[in-house]
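FYI, it's all coordinate maths here, none of it is from the lab. Remember, it's a predicted structure, so these values are computed and weren't measured experimentally. Ideal geometry is used to build each Cβ from the backbone, glycine not excepted, and the neighbour counts take in all protein chains shown.
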Amino acid sequence: MDFVSGNIKSVTAFTPRAISGEVAESGNTIDRKGYNSAVFTLVVGDYTSDPSAIDVACALQTKSGETDSWQDALDVDGSVITTRISGEVSNVRLAQSEINVDLRSLQRYVKLTVAADFTGGTSPTLFFASTASLGEPSISPAV
């Protein structure tokens, strides 16, 4: 029997925490060596201070070495790999989205950056978390 666990590795891409609209926040550095694809699962949780609308922009960044600078990750068409979760609060709260990524053209390390923008409220925050399921390992089973 062939189990899916031998073909994927799940990691925390963005440690669950409250984010504000002040600055973009970085997720965890993921070493994607040996994996050719990934699915980032993004989860928007509860919010504070009653905003009327929320816009969460998530983008992928990449770099080749641990001491190199991060740069936007581009898909095969040359577009930045990104997604948005946005709308009225009632439609965004507890929303989930995914980013499917072909990692073959990216460098060894990847991470999510997340920027929240709020309409209304007094210094609102939003709970956000993400996991990444790395797939298509070059060596099986995945470790």
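What's the longest uninterrupted piece of the chain once you rule out the GluC sites (Glu not before Pro) that are loop residues per DSSP with at most 10 other Cβ within 10 Å? Don't jump to the answer; show the numbers that get you there.
Working: sites that count: 22, 66.
The answer is 67-143.
Counting only aspartates and glutamates at least 8 places from residue 111 when in the same chain, those with an alpha carbon closer than 16 Å to its own are 25, 31, 66, 68, 72, 75, 98, 102.
Summary of the geometry: the stretch 127-141 and the stretch 87-107, compared by the centres of their Cα atoms, lie 14 Å apart. Projecting the Cα atoms of 74, 110, 49 onto the charge dipole of the chain (Cβ charges, centred on the Cα centre) puts 110 farthest toward the positive pole.
Which three numbers, in whole Å and largest first, are the semi-axes of the equivalent ellipsoid of the stretch 40-143 derived from its Cα gyration tensor as √(5λ)? Intermediate values should be presented prior to the final figure.
Details: eigenvalues 179, 45, 29 Å².
Semi-axes, largest first: 30, 15, 12 Å.
By other beta-carbon atoms within 10 Å, ranking 99, 54 with the fewest at the front produces 99, 54.
With θ taken as phi - 60° and the Karplus curve 6.51 cos²θ - 1.76 cosθ + 1.60 applied, the whole-hertz 3J(HN,Hα) list for the stretch 43-59 is 10, 9, x, 6, 10, 10, 6, 6, x, 8, 8, 9, 10, 10, 9, 10, 10 Hz, x standing for glycine and proline. Projecting label points 7 angstrom from Cα along Cα→Cβ for residue 90 and residue 10 puts them 3.2 nm apart.
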